[in-house]
Structure formats: structure tokens, C-alpha cells
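Report on the following structure.
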Amino acid sequence: MDQECLRTIRERASQSRAQNDQVRVLLPQGPAPSLRANFARCAVDLAHEHHSGLIRLVEAEEFGTAGALLRPLLEASTAAFWLMYVASCESIQALPTTPVENSAADLPLLRDMAKDLTLIFPPIQVIVDGFQKGGRSKWLHKYTHGGTPQLARRGPGWSRDEVMLTLIRADLFAILGACLETVIEPNRALSIYGFSRRDELSSEVAERFNVTQIPQQPHELPPALKDGCGHPFDNPCAKAVDTT
């Protein structure tokens with residue numbers, strides 16, 4: 001990749017970094033109001049960290065590893081929505097609140113969480129269908145687990161547009177997760193920034209890659225489940241991500 005392409009990528013990565021920094025400022029810094037919200041807030045926090053890590057990797061020109069983070073980034077954001085909109089108190093209360101790696105209870109797979117969310121967000125059905133055999137969403141798995149899209153790029157490398165699309169996808173996955181915070185607790189500043197940023201990214205995809213733009217979406221999310229499932233555990237999940 002020539003220096004002009006790398007300069008363009010660095011400039012676009014700086015936009016992603018600006019988003020990450022702004023979200024970090026707007027995310028709450030206190031404890032969650034319930035156990036349900038606590039787990040969801042931790043998922044948003046993880047998505048935010050994955051987003052920051054992906055940007056660092058792009059800046060280091062390690063594009064394959066950056067692409068591998070897209071799936072866990074989407075999984076973290078999706079988990080936050082699943083926890084707030086779908087999960088039963090029984091399933092939430094079964095989750096360990098300490099880092100137990102061999103716990104039998106855990107979150108569902110990405111495709112299962114997405115399937116559950118289609119009742120509240122019907123457009124997600126496109127993603128669910130894509131996880132079927134030969135489906136279009138399989139690229140997420142292939143990037144993360146070293147499939148042929150990764151291996152075939154080992155020689156020619158990544159193109160500028162491929163890296164730009166990785167950044168846009170990462171920004172979109174991350175901002176959607178951040179917007180989930182607005183149903184945990186009112187956050188006008190985050191709502192204004194988050195949904196506007198989502199719309200900007202939709203327009204950027206349409207303009208940069210000459211695809212049909214997604215119709216205008218609401219600037220608010222539907223009410224989440226009201227049952228908090230108990231008191232939050234001792235982990236506010238509100239730490240700031242060090243970007244120095």
C-alpha cells in the first residue's frame with residue numbers, strides 16, 4: 001500500500017478515535033441501577049474497549065488483526081441489547097459476577113442473541129439470515145477465526161477501501177452499543193451525539209461505496225425490560241479507556 005493510501009487511512013482512523021474519545025466522555029461514570037443494567041453496561045464498556053483496540057491496530061497497519069476484532073465488537077454491543085431487551089431474570093441471575101472462565105452459564109451465541117432481538121428490531125433479521133450456511137454474515141466468523149478472507153490477503157495485503165470499511169463498521173457497531181446506554185438511564189448528550197453519529201456513518205457508507213442508504217431511523221430506542229433482576233454487582237463498568 002502506498003503512502004498516500006496510508007495517509008488517507010490514518011486520517012479516517014483519527015475520526016474513529018474522535019468518536020471513541022467522545023463516547024468515553026459521555027458514558028456514565030457511576031454504578032448501574034440494577035443487575036440487568038450492570039451486565040449490559042459492562043458489555044457496552046467492552047465494546048468501547050474493542051473499538052479503541054481496533055483503531056490502534058489500524059494505526060499500526062496491522063489490518064488483519066483489526067478485522068478480527070469486528071466480530072467480538074459486534075458481539076459485545078449485541079449482548080448489551082440482548083441483556084436489556086430479551087434476557088430473563090433467571091438467565092441473568094445465573095451469570096457469574098466474578099471472572100469465572102469455566103462457568104456453565106454464559107451469554108448466548110451471537111446468532112442466537114440476534115435472533116431473539118428480531119422481535120424488537122425486525123431489521124436484524126437480515127443479519128440472522130446471514131448466519132445460515134453460506135450466508136453473507138459469515139465474513140465476521142472468517143475474519144476472527146482466520147478464514148480464507150484473511151489468508152488470501154496475506155500476499156497482496158489489504159486495500160485502502162477494505163480498511164476504510166473496517167473502520168466504518170467498527171464505528172457503527174460501537175456507536176450502536178453506546179446508544180443502548182440511553183435506555184439504561186436518561187442521557188441527553190449521548191442521545192444527541194450517538195444517533196447523529198449513527199446517521200453520519202450510514203451516509204458515509206452510502207457515499208463512499210455507492211450503495212443505497214438505509215432509511216432514516218428513529219433517534220431513540222424502544223423502552224427496555226423494566227425488571228432489573230436485582231442489585232448490581234460490585235463492578236461499575238464505568239472505567240475510562242486510556243488512549244495515551
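The values are calculated or read from the model by the stated rules, or taken from the named source; none is laboratory data. Quick caveat, the model's predicted, so the values are computed rather than measured. Glycine gets a Cβ as well: all are built from the backbone with ideal geometry, and neighbour counts include every protein chain shown. Accessible surface areas use protein heavy atoms only, side chains included; no ligands, DNA or RNA. Shrake-Rupley method; radii C 1.70, N 1.55, O 1.52, S 1.80 Å.
Restricting to region 12-70, give me the number of residues that are among the aliphatic types (A, V, I, L, M) and under 21 Å from LEU180 (Cα atoms).
Within region 12-70, the first condition is being among the aliphatic types (A, V, I, L, M), and the residues that meet it are 13, 18, 23, 25-27, 32, 35, 37, 40, 43-44, 46-47, 54-55, 57-58, 60, 66, 68-70.
Now restrict to residues that are under 21 Å from LEU180 (Cα atoms): 18, 23, 25-27, 32, 35, 37, 40, 43-44, 46-47, 54, 69-70.
Residues in region 12-70 being among the aliphatic types (A, V, I, L, M) and under 21 Å from LEU180 (Cα atoms): 16 in total.
Residue by residue, here is whether (1) surrounded by 15 or more Cβ atoms within 10 Å (Cβ to Cβ); (2) over 18 Å from the mean Cα position of the chain (by Cα); (3) of a type in the set (Phe, Trp, Tyr); (4) over 23 Å from GLY157 (Cα atoms) holds:
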residue	(1), (2), (3), (4)
GLN19	yes, no, no, yes
ARG24	yes, no, no, yes
ARG36	yes, yes, no, yes
LEU46	yes, no, no, yes
ALA94	no, yes, no, yes
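Given the residues ALA13, ALA105, which is the only one that is open to solvent by less than 40 Å² (accessible area, probe 1.4 Å), in a helix (DSSP H, G or I) and of a type in the set (A, V, I, L, M, F, W, C)?
Values: ALA105 fails: in a helix (DSSP H, G or I).
Exactly one residue qualifies, and that residue is ALA13.
Taking CYS179, is it touching a residue at least 40 places away in the same chain (Cβ under 8 Å), assigned to a helix (DSSP H, G or I) and under 20 Å from the mean Cα position of the chain (by Cα)? Answer is yes for this residue. I'd like to know if region 202-224 contains one or more residues that are over 19 Å from PRO72 (Cα atoms), in contact (Cβ under 8 Å) with a residue 12 or more places away in the chain, of a type in the set (Phe, Trp, Tyr) and not in a loop (DSSP other than H, G, I, E, B). Scanning region 202-224, I find at least one residue that is over 19 Å from PRO72 (Cα atoms), in contact (Cβ under 8 Å) with a residue 12 or more places away in the chain, of a type in the set (Phe, Trp, Tyr) and not in a loop (DSSP other than H, G, I, E, B), so the answer is yes. Scan region 203-214 residue by residue and report those that are in contact with a helix residue (DSSP H, G or I) (Cβ under 8 Å, 6 or more places away or on another chain) and surrounded by 13 or more Cβ atoms within 10 Å (Cβ to Cβ). Once the filter is applied, which keeps residues that are in contact with a helix residue (DSSP H, G or I) (Cβ under 8 Å, 6 or more places away or on another chain) and surrounded by 13 or more Cβ atoms within 10 Å (Cβ to Cβ), region 203-214 yields GLU204, VAL205, ARG208, ILE214. Any residue that is part of a loop (DSSP other than H, G, I, E, B), more than 28 Å from GLU4 (Cα to Cα) and polar (S, T, N, Q) - is there at least one of those in region 150-163? No, the conditions are met nowhere in region 150-163. Pairing each residue of region 117-132 that is over 17 Å from ALA80 (Cβ atoms) with any residue that is in a helix (DSSP H, G or I) and open to solvent by less than 90 Å² (accessible area, probe 1.4 Å), provided the two are 6+ apart or on different chains, yields C-beta distances under 8 Å for VAL128/ALA114; GLY130/LYS138; PHE131/LEU110; PHE131/ALA114; PHE131/LYS138.
Of all residues assigned to region 177-189, at least one qualifies as being open to solvent by 40 Å² or more (accessible area, probe 1.4 Å) and more than 18 Å from PRO31 (Cβ to Cβ).
Yes/no matrix, rows are residues, columns are (1) small (Gly, Ala, Ser); (2) open to solvent by 40 Å² or more (accessible area, probe 1.4 Å); (3) touching a helix residue (DSSP H, G or I) at 6+ places or on another chain (Cβ under 8 Å):
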site: LYS115; (1), (2), (3): no, yes, yes
site: PRO122; (1), (2), (3): no, yes, no
site: PHE131; (1), (2), (3): no, no, yes
site: GLY135; (1), (2), (3): yes, no, yes
site: TRP139; (1), (2), (3): no, yes, yes
